[in-house]
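Asker: Once you've had a glance at the structure underneath, I'll fire off some questions.
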Amino acid sequence: MNKKPKLLTASQVEQLFDILSEHISPRCELEHRNVLDLLIAVVLSAQTTDKQVNVVTAELWKKCKTCQDYIDLGEDGVAEAIKRIGLYRNKAKSVIGICQKLLSDFNGEVPRTREELMTLPGVGRKTANVVMNVGYGMPTLAVDTHVFRVANRTGLVSETTVEGVEQALLKRVPQKHLLNAHHYLLLHGRYTCKARSPECDSCPIAAICRKILEK
Ligand code: SF4
């Protein structure tokens with residue numbers, strides 16, 4: 001029978017976030033001018049790097065700032081502007097659908113609740129959590145591939161599903177770090193605890209990390 005991996009203790013969890021908060025400046029690396037930009041950038045970022053999204057949004061935003069601007073540009077116009085990123089046709093469809101629904105149901109404003117955000121086309125739980133956190137300063141915890149990997153590798157959680165990781169982290173992350181926990185784990189995963197070649201030798205949390213302790 002498989003033994004469940006050992007989790008970090010509450011004090012190790014606190015220490016881990018204290019250290020990450022000293023080393024990482026919490027930030028969203030998707031460029032945006034307002035919450036609508038943020039929502040659209042997050043939708044565009046599926047299976048694409050933030051850098052690539054920033055390149056196409058720089059051009060897109062010369063033409064679009066409001067929901068009506070996107071609708072006027074049209075699905076083909078948006079697709080043309082973002083064609084350098086993957087799944088651009090589906091993403092253009094979502095962008096137009098989002099703008100239409102924001103205008104028809106939300107007075108052109110991006111809503112603040114997860115339930116409302118998830119009624120928008122192409123918006124899932126992760127996107128809603130990012131918008132609530134980065135756009136509206138709420139302590140949600142969006143779990144992407146980096147957060148999922150780092151949380152399980154370090155022993156913060158031991159979960160096999162994205163929602164399981166989110167719920168477990170919400171219970172384990174100290175209150176003072178909850179607002180920025182997503183950024184700490186994501187940026188740590190993107191630049192240090194990389195998927196194929198984690199930089200354990202220079203990692204500031206190596207003394208606590210379960211992957212190292214269980215070696
Ligand atoms: S010690 Fe290695 S595996 Fe652990 S968090 Fe750091 S980089 Fe990741």
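We did not get these values from a lab; they are worked out from the coordinates using the rules stated. Since the structure is predicted, the reported quantities are computational estimates derived from the model, not experimental observations. Heads up, the Cβs are rebuilt from the backbone with ideal geometry, glycines too, and the neighbour counts pull from every protein chain shown.
Asker: Output wanted: per-residue J couplings in Hz (rounded whole) for the stretch 154-164, from phi through Karplus 6.51 cos²θ - 1.76 cosθ + 1.60, θ = phi - 60°, x for Gly and Pro.
Answerer: Result, ordered by residue: 6, x, 5, 9, 9, 9, 9, 10, 4, 5, x Hz.
Asker: Where the centroid of each part is defined by its Cα atoms, how far is the stretch 28-47 from the stretch 149-166 in Å?
Answerer: 24 Å
Asker: For the chain, what does the helix formula give at 222 nm: sum of -39500 (n - 2.57) over DSSP H segments with n ≥ 4, over the residue count, nearest 500 deg cm²/dmol?
Answerer: Taking each H run of at least 4 residues, the total per residue is -17000 deg cm²/dmol.
Asker: Highest GNM mean-square fluctuation, the chain, Cα pairs closer than 10 Å: which of Leu44, Leu60, Leu117?
Answerer: Checking each option, the largest mean-square fluctuation is seen for Leu60.
Asker: Then there is this: Quote the charge dipole size of the chain about the Cα centre in Debye, to the nearest 20; the model charges only the Cβ of Lys and Arg (+1) and of Asp and Glu (-1).
Answerer: 760 debye
Asker: With springs only between Cα atoms under 10 Å, which of Asn129, Asn34, Asn54 fluctuates most in a Gaussian network model of the chain?
Answerer: Asn34
Asker: Turning to a different aspect of this structure: Using only Cα atoms, tell me the angle between helix 178-191 and the longest principal axis of the chain; keep it within 0 to 90° and round to the nearest 10.
Answerer: Helix 178-191 sits at roughly 90 degrees to that axis.
Asker: A further question on this structure: Using the 4.7 Å Cβ rule, please list in number order the cysteines from the chain without any candidate partner.
Answerer: Cys with no partner Cβ under 4.7 Å: Cys28, Cys64, Cys193, Cys200, Cys203, Cys209.
Asker: Now for a different question. Can you compute the charge dipole magnitude of the stretch 35-136 about its Cα centre, using +1 on each Lys and Arg Cβ and -1 on each Asp and Glu Cβ, nothing else charged? Give it in debye, rounded to the nearest 20.
Answerer: In total the dipole reaches around 360 debye.
Asker: Compute the relative contact order of the chain as a whole-number percentage, counting only Cα pairs closer than 8 Å that sit 6 or more residues apart in sequence.
Answerer: Over the chain, the number comes to 24 percent.
Asker: Just to confirm the number: angle between the C-alpha axis of helix 88-105 and the first principal axis of the chain, 0 to 90 degrees, nearest 10?
Answerer: Helix 88-105 sits roughly 70 degrees off the main axis of the chain.
Asker: How high is the relative contact order of the stretch 116-178, given as a whole-number percent (alpha carbon pairs under 8 Å, six or more residues apart)?
Answerer: Reported as a whole number, the value is 23 percent.
Asker: On a straight-distance basis, which aspartates and glutamates could pair with Lys6 in a cross-link, Cα separation under 14 angstrom, same-chain partners fewer than 8 positions away excluded?
Answerer: Here the aspartates and glutamates satisfying the reach criterion relative to Lys6 are Glu159, Glu214.
Asker: Take the alpha-carbon centre of the stretch 107-146, take the same for the stretch 55-80, and report the distance between them in whole Å.
Answerer: The distance from the Cα centre of the stretch 107-146 to that of the stretch 55-80 comes to 21 Å.
Asker: DSSP loop trypsin sites (Lys or Arg not before Pro) in the stretch 93-159 with at most 15 other Cβ atoms within 10 Å of their Cβ, which ones?
Answerer: Arg112
Asker: Put +1 on the Cβ of every Lys and Arg and -1 on every Asp and Glu Cβ in the chain; which of Ser104, Ile71, Leu30 then has its Cα farthest towards the positive end of the dipole?
Answerer: So the residue we want is Leu30.
Asker: Which of the pairs Lys51/Lys211; Lys194/Lys215; Lys62/Lys91; Lys63/Lys194 have their Cα atoms more than 27 Å apart in this structure?
Answerer: Lys51/Lys211; Lys63/Lys194
Asker: With everything on Cα atoms, drop me the angle between helix 50-63 and the longest principal axis of the chain, reported from 0 to 90° to the nearest 10.
Answerer: 20 degrees
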